[in-house]
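Report on the structure given below.
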Amino acid sequence: MSAPLLEVRDLRTHFFTREGVVRAVDGVSLSVDRGRTLGLVGESGCGKSVTALSIIGLIPKPPARIVGGEVIFDGRDLTKLSERELEDVRGERIAMIFQDPMTSLNPTLTIETQLVETIRRHNDVSKREARRRGIELLDEVGIPNPDARIRDYPHHLSGGMRQRVMIAIALSCEPDLLIADEPTTALDVTVQAQVLDLLDELRREHDMAMIVITHDMGVIAEVADQVAVMYAGQIVEQASAVELFARPEHPYTEALLGALPQLEDAASRAGRLTAIPGRPPSLLDPPEGCRFAARCPYAGEPDGCAEHPPELRELRPGHLVRSEHPASERARSREGAPA
Amino acid sequence: MSALLEVRDLVKRFPVKRGLFFERTVDYVDAVAGVSFDIAAGETLGLVGESGSGKSTTGFCVLQLMRPTSGSVRFEGRELTELSGEELRRVRRNAQIVFQDPYSSLDPRMTVGNIVAEPLVVHGVGTRRDRRARVRELLDVVGFDPMYVNRYPHEFSGGQRQRIGIARALALSPRLIVCDEPVSALDVSIQAQIINLLKDLQAEFGLAYLFIAHDLAVVRSVSDRIAVMHRGRIVESGPAKQVYEHPQVAYTKALLASVPVPDPGRMQERKAERRRLQGAVAM
């Protein structure tokens, strides 16, 4: 088996603020294979966006700093590169799209200017050639009538169309890895479905790997091959998408899936959702042991997981979990208990 | 028995203006283009639709926070569109609203206690002491520690703030609450807490909800009946089970097929369904 395209090992990104050190990313390890999609899922403030920004070296410094870990991309540690070298990586190998295409596109420039500029920055081609490629790209991301649309300003386009333009710009460098941070959160559900389908199609056609960051388990199920669940600055579970949804191990993942209202559940009106009590810990002063312990229904047993931080361990081949109480072990200990 | 709320042929028309200094109206758009529905006491009507479908405008027009261009809104048998001033204010005691964004809907300069007490003050309910007791009771009911009455909203998380907003809406013991995207700014785990709270309050106080949201799974989990809005009109309505399991209108079908379902095993099947329905929704 070949080495993964991206391997993040024990990444730590801390924010040095007046109030103290915020451990936004605190020991994240994950890997992305060539041509595959990793879904990074977690609730707001869990550090998923900071993880992405750390990978491509776009964290705001100061106050943030990568204080530990490695980001091995195609054999090179990105955390060791100079700003200049990183810029090349970002332009040629890794591209990123964000939640709100209106704020990432320049409102005062036409789509053409922005596309041509990006294409020419990384390719030695004429303006005319860059424009031709730009129109091709717009066509590829499903923008109707691209030779007219390329002259538009961003505000002429709907949210979904703007996100398609962002994807076209991201594709212009033929990246090996596309990082999409909440790419469909600002979009209506019908448009979201179209954009997710488009991303998946492009991934296959360009043999491109993707990291899709989202808070939405439904979006994850839709696009991801592998899933990493983040909680309070750490990866708490990683597995293939099929495995994760069928056999979630971490109590947080279980709770998160249980808290989701079900579209197809006729009984849901009468019942109650299984809410997770409390809320995530402050990353200014995270708990010493397991970060989910305070909200975990299984913590507090004699194993002392509230005091000693559990390691991310491989429970089954390809299924990693950071908990002393994974579902399968709980089931086993129940069976093993004397009758 | 007549319904608690009866809305008939509701229309809200907005002018479309052009020009930087000398604005002139060049066109009109009907954000709400003839909407009718009923809500019975103790019942939840889920009003779903995508952005711009007119669902929030409908909610505002029901409460007369925005005056409808035409149509009728009867609440407890009274025609709200004809009321104003003191009369309207009295009716509003029984019809309250909870907003989407608990960050911008609470006055940052008021303490939690004063925010919840404000409706009581405005309507001259009770003495100061009564109100103080009532505020504590309300906060307790919504699961917000009354110990923090003297704190300010910014000190609390989104979920806690939404509890403050709900306590305030409950202050006058209303019979109807318009919930305008009440959980869409919240994380899943917190969202579940608030949905459960809204259900508990409904069971306890017999509240009726007009529950406006874009998230079809959330709406299903709280609603007895559903109305699907598209471009200012209700395109389909009925009991929740019927609308979700046997949608009749192409738009509803496409909307339901677009919802990402947390089950990777069914991805291909749903994708195929979506492709089949393509064209029912405007791109």
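Considering the stretch B:242-279, the residues that are of a type in the set (S, T, N, Q) and within 22 Å of B:Met229 (Cβ to Cβ) include one that is modelled with the lowest pLDDT, namely B:Gln278. For the stretch B:25-50, taking the residues that are acidic (Asp, Glu) and over 16 Å from the mean Cα position of the chain (by Cα), the one that is modelled with the lowest pLDDT is identified as B:Asp27. Do any strands (runs of 3 or more DSSP E) entirely within the stretch A:227-339 hold 2 or more residues that are within 14 Å of another protein chain (Cβ to nearest Cβ), in contact (Cβ under 8 Å) with a residue 60 or more places away in the chain and closer than 20 Å to B:Pro262 by Cα, and if so, which? Ranges flagged: A:234-240.
Of all the numbered requirements in (1) more than 9 Å from every other protein chain (Cβ to nearest Cβ); (2) touching a Ser or Thr at 6+ places or on another chain (Cβ under 7 Å), B:Ala240 misses one, and that requirement is (1).
The numbered conditions (1) closer than 27 Å to A:Leu196 by Cβ; (2) aliphatic (A, V, I, L, M); (3) surrounded by fewer than 18 Cβ atoms within 10 Å (Cβ to Cβ) are all true for A:Val125 except (1).
Just one of the listed residues (A:Ser31, A:Ser44) is within 21 Å of A:Val89 (Cα to Cα) and of a type in the set (S, T, N, Q), namely A:Ser31.
The set of residues from the stretch B:38-56 being of a type outside the set (Ser, Thr, Tyr) and under 20 Å from B:Asp215 (Cα atoms) comprises B:Glu43, B:Leu45, B:Gly46, B:Leu47, B:Val48, B:Gly49, B:Glu50, B:Gly52, B:Gly54, B:Lys55. Give me a count of the residues in the stretch A:194-218 that are within 20 Å of A:Leu171 (Cβ to Cβ) and part of a helix (DSSP H, G or I). The qualifying residues number 13.
Every residue, every condition in (1) free of Cβ contacts under 8 Å to residues at least 60 places away in the same chain; (2) away from every other protein chain (no Cβ under 14 Å), yes or no:
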position: A:His14; (1), (2): yes, yes
position: A:Val25; (1), (2): no, yes
position: A:Ser29; (1), (2): no, yes
position: A:Gly42; (1), (2): no, no
position: A:Thr51; (1), (2): no, yes
position: A:Ile59; (1), (2): yes, yes
position: A:Pro62; (1), (2): yes, yes
position: A:Ile72; (1), (2): no, yes
position: A:Gly75; (1), (2): no, yes
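Tallying residues that are farther than 12 Å from A:Leu11 by Cα and not aromatic (Phe, Trp, Tyr) within the stretch A:69-87 yields 11.
In this structure, does B:Gly165 turn out to be more than 13 Å from chain A (Cβ to nearest Cβ), within 22 Å of B:Thr58 (Cα to Cα) and small (Gly, Ala, Ser)? Don't jump to the end; show me each part of the working.
Details: more than 13 Å from chain A (Cβ to nearest Cβ): yes; within 22 Å of B:Thr58 (Cα to Cα): yes; small (Gly, Ala, Ser): yes.
Answer is yes for this residue.
Here is the figure for the stretch A:98-127: residues that are touching a residue at least 40 places away in the same chain (Cβ under 8 Å) and either charged (D, E, K, R) or part of a helix (DSSP H, G or I) (or both) total 10.
Please verify whether B:Ala217 is away from chain A (no Cβ under 14 Å), assigned to a helix (DSSP H, G or I) and not basic (Lys, Arg), treating the condition exactly as stated. Answer is no for this residue. Candidates B:Arg18, B:Arg13, B:Arg78, B:Arg24: the one that is out of contact with any strand residue (DSSP E or B) (no Cβ under 8 Å at 6 or more places or on another chain) and of a type in the set (Lys, Arg) is B:Arg78.
Of the strands (runs of 3 or more DSSP E) lying entirely inside the stretch B:1-74, the ones with 1 or more residues being small (Gly, Ala, Ser) are found at B:24-39, B:44-48. When A:Ala95, A:Ala130 are checked against the criterion of being modelled with pLDDT of 90 or more and part of a strand (DSSP E or B), a single residue qualifies: A:Ala95. The conditions of being more than 21 Å from A:Arg279 (Cα to Cα), of a type in the set (Lys, Arg), touching a helix residue (DSSP H, G or I) at 6+ places or on another chain (Cβ under 7 Å) and within 12 Å of another protein chain (Cβ to nearest Cβ) are met by B:Arg225.
The values are calculated or read from the model by the stated rules, or taken from the named source; none is laboratory data. What you see is a predicted model, and the numbers here were worked out from it, not measured in a lab. When we count neighbours, we look across all protein chains shown, and the Cβ atoms used for this are built from the backbone with ideal geometry, even at glycine.
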